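Read the figures in this text as sums done on the coordinates, not as results from a lab. On a predicted model such as this, the values are computed, not experimentally measured, just so you know. Using ideal geometry, Cβ is built from the backbone for each residue, glycine included, and neighbour counts are taken over all protein chains shown.
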Amino acid sequence: MIDKLKVMEVVKETLEGGPLFLVGMKITPDNRIFIDIDGDEGVTIDDCIELSRKVENSLNRDDEDFELNVSSAGADSPLKMPRQYKRHVGRELSVTTNEGEKNEGVLTEADEQGITLKTRGTKKQAGEELHYKYSEIKTAKVVIKF
């Protein structure tokens, strides 16, 4: 089986200090490697190709065959890391807490501890600011509008 630590080391060395960062990685028992990345200014196909080449060059297909998939965290993927939230300040999010409470609003702040969401008000009631620690959030997704 492919050594996950070796792949992780190559990914971290490649992305360290730059605008891209690792969101998730999975290696299946049949040597299928899935790497999801994100970036402070987004991710291009060239970013994925470059990381894919570096990982592939660090592994030896003669020792073990593998399948490699490097992709960006999609627009409809849940946010997982504080760095992702920071990138989306000013955009509308849908947040579900661990207790099942759901709210939508504009992400106005994101720091290392949590986020602030400004909900929409109604004619009779002003919107409110909701503060969540990351540990309280079950899922958070950017609301995509067309």
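Which distance in Å, rounded to a whole number, links the C-alpha centroids of the range 14-37 and the range 107-146?
A separation of 28 Å, based on Cα centres.
What are the ³J(HN,Hα) couplings of the range 57-71, residue after residue, when phi is run through the Karplus curve with 6.51, -1.76, 1.60 and θ = phi - 60°? Round to Hz, x for glycine and proline.
Whole-Hz 3J(HN,Hα) from phi for the range 57-71: 5, 7, 10, 10, 5, 5, 7, 8, 7, 7, 10, 10, 10, 10, 9.
Whole-Hz Karplus ³J(HN,Hα) for the range 28-44, in order, using 6.51 cos²θ - 1.76 cosθ + 1.60 and θ = phi - 60°, x for Gly and Pro?
Using θ = phi - 60°, the values come out as 7, x, 8, 6, 9, 9, 10, 10, 10, 10, 9, x, 4, 10, x, 10, 9 Hz.
Counting only C-alpha contacts under 8 Å and six or more residues apart, can you give the relative contact order of the chain as a whole percent? Present the calculation step by step, with values, prior to reporting the outcome.
Working: 240 pairs, mean separation 27.0, N = 146.
Computed over the chain, the figure is 18 percent.
Dipole size in debye (nearest 20) for the chain around its Cα centre, Lys and Arg Cβ +1, Asp and Glu Cβ -1?
880 debye
Quote to one decimal, in nm, the extra length available between residue 103 and residue 12 on full extension: 0.36 nm per residue of separation minus the C-alpha distance between them. If you can, show how the numbers build up before the last one.
Details: separation 91, 0.36 × 91 = 32.76 nm, distance 3.43 nm.
Gain on extension, residue 103 to residue 12, equals 29.3 nm.
With unit charges on the beta carbon (Lys/Arg positive, Asp/Glu negative), name the residue among 100, 27, 71 whose Cα is farthest towards the positive pole of the charge dipole of the chain.
Toward the positive end, the furthest listed residue is 100.
Magnitude of the Cβ-charge dipole of the range 82-142, K/R +1 and D/E -1, about the Cα centre, nearest 20 debye?
Details: 12 positive and 10 negative charges, 61 e Å.
It works out to roughly 300 debye.
Given the options 119, 85, 144, identify the residue whose Cα lies farthest towards the positive end of the charge dipole of the chain (+1 on Cβ of Lys, Arg; -1 on Cβ of Asp, Glu).
119
Once amide H atoms are placed 1.01 Å from N in the peptide plane, what residues at a sequence separation of 5 or more from residue 138, or on another chain, have their amide H within under 5 Å of its amide H?
Distant-sequence amide H within range of residue 138: 96, 97, 98.
By how many nm would the segment from residue 56 to residue 119 grow when fully extended, if each residue of separation counts as 0.36 nm and the alpha-carbon distance is taken off?
On the way: separation 63, 0.36 × 63 = 22.68 nm, distance 4.51 nm.
Computed gain between residue 56 and residue 119 is 18.2 nm.
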